[in-house]
Structure formats: C-alpha cells, structure tokens
Amino acid sequence: MTIIVGVIKDGDVAIAADSCNSFGTLRVPRENNLGRKLHPVGDAWIASAGWGAYSNLLDEYLPLQPKPALGSVSEVYRFFLEFWRSLKRDYQYVNDQGHTTESPWAQFDASFLVAGPSGLFLVSSNISVTPFRQYWAIGSGQEYALGAALACYDSDRDAGDVARTAVDAGIAFDDGCQGPIDVQTVSLTDGA
C-alpha cells in the first residue's frame, strides 16, 4: 500500500511518498522501516504504486542503463517500454501480466509517477503515459490525496508543501498508508 503525489507549481515539480511497507495485513512500524519509494533517475524521480518488488526491480535496472531521457511523453514511454521488455527477458520469475483479462496490451502490476525538470507524468499499468499541468496521485490513498491537492493548490503553499499535505491526507484516511513522508523537488526547465 502506498500514496505518491506529484505537484507542479511556481516553476518547481515536487514528488512526495509515504514510507509504508506491508506484507498482507502486517504493516512494518514506522520506527523499524528503512524503505524508500522515490528513485533518482538523473535529474528526475520515479516512484511506483503496486507490488513492492518494482522498487527492487528499479534499483536493479536503473544502474545498468545509460541515463534515460525523461523529458517528454514519448521519452517516458520508451523508457518504460524498455523496462517492461527487460522484465520479460531478464527476470523469468515475472508472470505474464494481464493474464486475468483479455487485454492485448503489455501490463505492469503497478503504476508510476515520474517527476523531473520537464514535468509530471503518470505511467499507467498498461504503459500509457499521461502528462499533468498541476498535480496527480497514485496508490491506495489516491482519492484523499487528490482532494487535498485540489483544496490547497491555489494557496500560497509551494509545490513541495502541497505534495506533502496531499500525502498526509492519504495517510490520515487510508490505513494502507503511513509516514514518514519523503519529498523531493526539482526546478522545471523553461518551457515545461
């Protein structure tokens, strides 16, 4: 379970995540948890909501690749398509996703947020990429976080504070989310 929020505001893009790790109904107490959900990729950050193994897979995959360009929908799409192909080729324990549906599309059992100098992108489980102008959230506390982001976006708060507040709302109302909260902020490039 998790909550991840990305926010673009006043020339910055922030991404925030809770730090909850759980195994079924067993949740790791915050004082005993060392897990991080945000992964640096050059000047950008990637976070996933879904199976926790994706965090390990990203940690394994990212150092073996040249620094990917994540500056547009097509670049983000290409990166995740190659990541998916690598999972199919190099990790035999990964099941064929989509086995419960008739979907013709590649499937992750996760969704991802990418936040970097070029903006904020959602990568859905079928590898479709959606850019956002203001904010988005993924994970089990998504609805609460989106409501909080909407409510405080037009305030005088900066991108990092809006993202933190939205994650805090997810933690407050969804029992699958838990602090502490990790926030990373980068400056947008001109034109983003």
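The values are calculated or read from the model by the stated rules, or taken from the named source; none is laboratory data. What you see is a predicted model; the values in this text were computed from it and never measured. Positions of Cβ are backbone-derived with ideal geometry, glycine not excepted, and every protein chain shown enters the neighbour counts.
Worth pointing out:
- Yes/no for residue 144 being aromatic (Phe, Trp, Tyr), buried (at least 19 other Cβ atoms within 10 Å of the Cβ), part of a helix (DSSP H, G or I) and modelled with pLDDT of 90 or more: yes
- Matching residues, segment 115-131, being closer than 18 Å to residue 185 by Cβ and of a type in the set (A, V, I, L, M, F, W, C): 115, 120, 121
- Looking across segment 1-58, just one residue is surrounded by fewer than 19 Cβ atoms within 10 Å (Cβ to Cβ), among the β-branched types (Val, Ile, Thr) and touching a residue at least 24 places away in the same chain (Cβ under 8 Å), and that is 41.
- Scanning segment 147-188 for residues that are in a loop (DSSP other than H, G, I, E, B) and touching a Gly at 6+ places or on another chain (Cβ under 8 Å) yields a count of 4.
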